[in-house]
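Visitor: Below is one structure. I have some questions about it.
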Amino acid sequence: MFVLISIDLEGCAGVVHVDQTRRGGADYERARAWMSREANAAALGAFDGGATRVVVNDSHADMRNLLFEELDPRVEVISGALKPLSMVQGLDAGQPDAAFFVGYHGGAGLRASVLDHTYYGAVVGEIRLHPAQSAADDPGLWVDEAAINALVMGEAGVPVALVTGDEAVTAHASERFPGVTTVAVKASITRYSARSIHPDEACRRIRAAASEALRGLARVKPYTLPAPIGVTVSLLATAYADAAELVPGVVRLDARRVRYVAPSAREVLRAVLAITKIAGTVVV
Ligand SMILES: [Zn+2]
């Protein structure tokens with residue numbers, strides 16, 4: 001059994017501030033160790049639950065955060081950027097039987113979730129999905145990184161069996177992903193505050209939940225939406241939308257919103273990456 005683990009940092013126990021999430025930040029080295037241990041706990045739980053192959057995809061920022069010495073030698077690690085599948089890289093490294101999202105956080109615009117953002121925090125106000133033909137004012141479905149990534153996995157037939165992070169991200173995952181097991185390691189109070197369990201206790205719970213999730217894998221189903229899928233990105237400044245509009249196929253809806261109709265979930269992800277990366281080149 002092949003398990004693919006996507007590990008982020010903002011949703012790990014004890015993490016509440018950018019000083020912990022940015023290379024060079026005062027507390028970054030400690031936070032990346034907590035992140036590495038949570039990834040390892042999920043991997044150990046996967047092996048406990050019957051996995052024979054575990055690939056861990058470093059999914060945070062420059063994607064070079066994981067400390068190999070904290071990881072079980074049986075795991076393979078995907079690190080570095082740019083990766084065409086970003087947080088779901090590894091999906092093409094065989095056919096995973098299940099995916100785990102560990103250390104995940106609330107999406108941009110969600111109150112209250114520590115360090116809420118979706119892919120590119122500096123430029124994205126929020127992201128919504130809707131049927132291809134919907135009107136500009138159709139509110140659609142608000143999505144976070146977990147939902148977008150789960151749709152890419154789901155389209156390839158891969159179910160998300162475990163989601164860990166703050167209570168906001170695990171609550172959305174429980175509503176959306178059929179049969180998913182979740183571990184909430186902290187309750188967010190505001191964007192920069194939370195009540196967290198101890199990192200060691202988080203690892204204990206994640207390992208137990210990971211093995212349990214695999215034992216119950218028959219009940220877990222892929223998360224999908226009918227294609228084509230419209231994706232609307234609300235940017236934080238008009239200048240970002242001016243740049244995003246240059247991506248071929250992207251339509252400007254109004255001052256700060258752009259839309260793209262994608263033939264598949266994978267293309268939704270590519271559109272989000274392309275729109276946000278080009279928007280991020282603009283100085284405002
Ligand atoms: Zn993230």
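Values quoted throughout were computed directly from the atomic coordinates according to the rules given, and no laboratory measurement underlies them. Note that the structure is a prediction, hence the values are computed from the model and not measured. Cβ coordinates were reconstructed from backbone atoms using ideal geometry, including for glycine residues, and neighbour counts include every protein chain displayed.
Visitor: Need one number: nm distance between label points at Glu29 and Ser79, each 7 Å from Cα along Cα→Cβ, rounded to one decimal.
Guide: My value for the distance between the label points is 1.5 nm.
Visitor: For the chain, count the residues as N, evaluate 2.2 N^0.38 Å, and divide the Cα radius of gyration by that value, please. Write down the numbers at each step before the final one.
Guide: Numbers: Rg = 17.8 Å, N = 284, 2.2 N^0.38 = 18.8 Å.
Taking N as the residue count of the chain, the ratio is 0.94.
Visitor: Give me the aspartates and glutamates in straight-line cross-link reach of Lys221: C-alpha distance below 18 Å, same-chain residues under 8 apart excluded.
Guide: Answer for Lys221, where 18 Å is the Cα cut-off: Asp97, Glu155, Glu175, Glu212, listed by chain and number.
Visitor: So for the chain: antiparallel DSSP bridges make up what percent, rounded to the nearest 5? All intermediate terms of the calculation are to be shown ahead of the outcome.
Guide: Values: 22 of 45 bridges.
Taking every DSSP beta bridge within the chain, about 50 percent pair in antiparallel fashion.
Visitor: Can you tell me the FRET efficiency between Ser193 and Trp142 if r is taken as the Cβ-Cβ distance and R0 is 25 Å, rounded to the nearest 0.05? Spell out each step's value before the answer.
Guide: Working: r = 23 Å, r/R0 = 0.91.
Computed FRET efficiency for Ser193 and Trp142 comes out at 0.65.
Visitor: Continuing with the same structure: How far apart, in nanometres, would the label points at Asp200 and Val282 be if each is projected 7 angstrom from Cα along the Cα-to-Cβ direction?
Guide: For Asp200 paired with Val282, the spin-label model returns 4.9 nm.
Visitor: Also, quick follow-up: Taking +1 at the Cβ of each Lys and Arg and -1 at the Cβ of each Asp and Glu, which of Val3, Ala227, Leu71 sits farthest along the dipole of the chain towards its positive end, judged by Cα position relative to the Cα centre?
Guide: With unit charges placed on the Cβ atoms, the residue in question is Ala227.
Visitor: Continuing with the same structure: May I ask you to list the residues of the stretch 111-132 whose amide nitrogen lies under 18 Å from a point 7 Å from Cα along the Cα→beta-carbon direction of Ala237?
Guide: It comes to 118, 120-126, nothing else.
Visitor: What does the convex hull of the Cα atoms of the stretch 136-284 come to per residue, in Å³, rounded to a whole number? Intermediate results must be reported in sequence, preceding the final value.
Guide: Numbers: hull volume 19.6 nm³, N = 149.
Each residue corresponds to 132 Å³ of Cα convex hull volume.
Visitor: Treating cross-link reach as a plain straight distance, find the lysines whose alpha-carbon is under 28 Å from the alpha-carbon of Lys277, omitting any fewer than eight places away in the same chain.
Guide: Cα-Cα hits under 28 Å: Lys83.
Visitor: Please get the size of the charge dipole for the stretch 187-284, origin at its Cα centre, with Cβ charges of +1 on Lys and Arg and -1 on Asp and Glu, quoted in debye to the nearest 20. Could the numbers behind the result be given before it?
Guide: Details: 15 positive and 7 negative charges, 73 e Å.
Computed charge dipole of the stretch 187-284: roughly 360 debye.
Visitor: Between Thr52 and Ser174, what is the FRET efficiency for a Förster distance of 35 Å, r being their Cβ-Cβ separation, to the nearest 0.05? Don't skip to the end; give the middle numbers.
Guide: Numbers: r = 28 Å, r/R0 = 0.80.
Calculated transfer efficiency: 0.80.
Visitor: Okay, moving on. Taking the simple approach of a point 7 Å from Cα along Cα-to-Cβ for both Leu67 and Ser264, what is their distance in nm?
Guide: About 3.9 nm separates the two model spin labels.
Visitor: Along the charge dipole of the stretch 158-222, Cβ charges K/R +1 and D/E -1, which of Val160, Cys203, Ser193 sits furthest on the positive end?
Guide: Positive-end residue among those listed: Val160.
Visitor: Can you give me the C-alpha center-to-center distance between the stretch 240-282 and the stretch 1-70, rounded to a whole angstrom?
Guide: 29
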